[in-house]
Amino acid sequence: NAGVMQNPRHLVRRRGQEARLRCSPMKGHSHVYWYRQLPEEGLKFMVYLQKENIIDESGMPKERFSAEFPKEGPSILRIQQVVRGDSAAYFCASSRGLAPNEQFFGPGTRLTVL
Amino acid sequence: GIQVEQSPPDLILQEGANSTLRCNFSDSVNNLQWFHQNPWGQLINLFYIPSGTKQNGRLSATTVATERYSLLYISSSQTTDSGVYFCATNRDDKIIFGKGTRLHILP
């Protein structure tokens, strides 16, 4: 019974390139959440998605960042024209979306921008 | 918005010692979770505990929702308990994390 899967686990990009992070939720989960963790800090909410819908993107930077969760396939967090400040660990979580709505986390993708 | 504060920020203990980690939250909440982030960065669900007490092996947690705090107890600590412990609560379906307690268990 696979948990939340994320790939790649590590991603290195040069400034100005694009980064694509993928997340496959746990079986039976249709709700996906993305969080960012800067070094030595806690996780900060970015965006909450259901299949083909963005429910809450209040934590997402207004520029360069986008997220989707298509009908088929994984959820994608896309960062265009990366800058050094985007270097962080990006975690995906999934849930059933029903109370108590406990969220389970993937192993994270560590993005390094050179 | 809701604030989640954890104490102490750092804790160094000898193997075998017991510890208590505290989480205070600024508003009434419907749920609370404790996570362990191990030295490899993985987040592990420890407890989902909106109220009451739960135990899992050497770990237990108590949440007193009316007084807006939760406690995580680790007994007979082992070096594998090292890492960062986060408490988190849900607000409008997104989890709000505290800054964590960094625990280092010395052999």
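A Cβ-based charge dipole, computed about the Cα centre of the range A:1-48 with Lys and Arg at +1 and Asp and Glu at -1, lands at about 240 debye. Ordering A:62-69, A:13-20, B:90-97 by mean Cβ neighbour count within 10 Å, with the highest value first, yields B:90-97, A:62-69, A:13-20. Here chain A is treated with +1 on each Lys and Arg Cβ and -1 on each Asp and Glu Cβ, and its dipole about the Cα centre works out to around 400 debye. Sort the range B:42-93 into rounded, prolate or oblate with this rule: let a ≥ b ≥ c be the square roots of the eigenvalues of the Cα gyration tensor; rounded if a/c is under 1.5, and if a/c is not under 1.5, prolate when a/b is larger than b/c, oblate otherwise. Cα axes put the range B:42-93 in the oblate bin. Only lysine pairs 8 or more places apart or on separate chains count here, and in the protein assembly as shown those with Cα atoms under 19 Å apart total 8.
The order of the peptides A:31-38, A:101-108 by mean Cβ neighbours within 10 Å, most packed first, is A:31-38, A:101-108. In summary, the convex hull built on the alpha carbon positions of the protein assembly as shown has an orientation-averaged projected area of 12.3 nm².
If you bin all the Cα-Cα distances of the range A:1-94 at 5 Å, starting from zero, the percentages per bin are 3, 14, 25, 26, 19, 9, 3, 0. Which residues' amide hydrogens lie under 5 Å from the amide hydrogen of residue A:5, considering only partners 5 or more residues apart or on another chain, with H built in the peptide plane? Amide H neighbours of residue A:5, under 5 Å, 5+ apart: A:24.
Note on the protein assembly as shown: with charges restricted to the Cβ of Lys and Arg (+1) and Asp and Glu (-1), its dipole about the Cα centre is near 620 debye.
Peptide A:102-109 shows a mean partner chain C-beta count of 5 within 10 Å per residue C-beta.
Readers should treat all values here as calculations from the given coordinates under stated rules, not as data from a laboratory. Bear in mind that the values here come from a model prediction, so they are computed numbers and not experimental data. With ideal geometry, Cβ positions are generated from the backbone for all residues, glycine too; neighbour counts draw on all protein chains shown.
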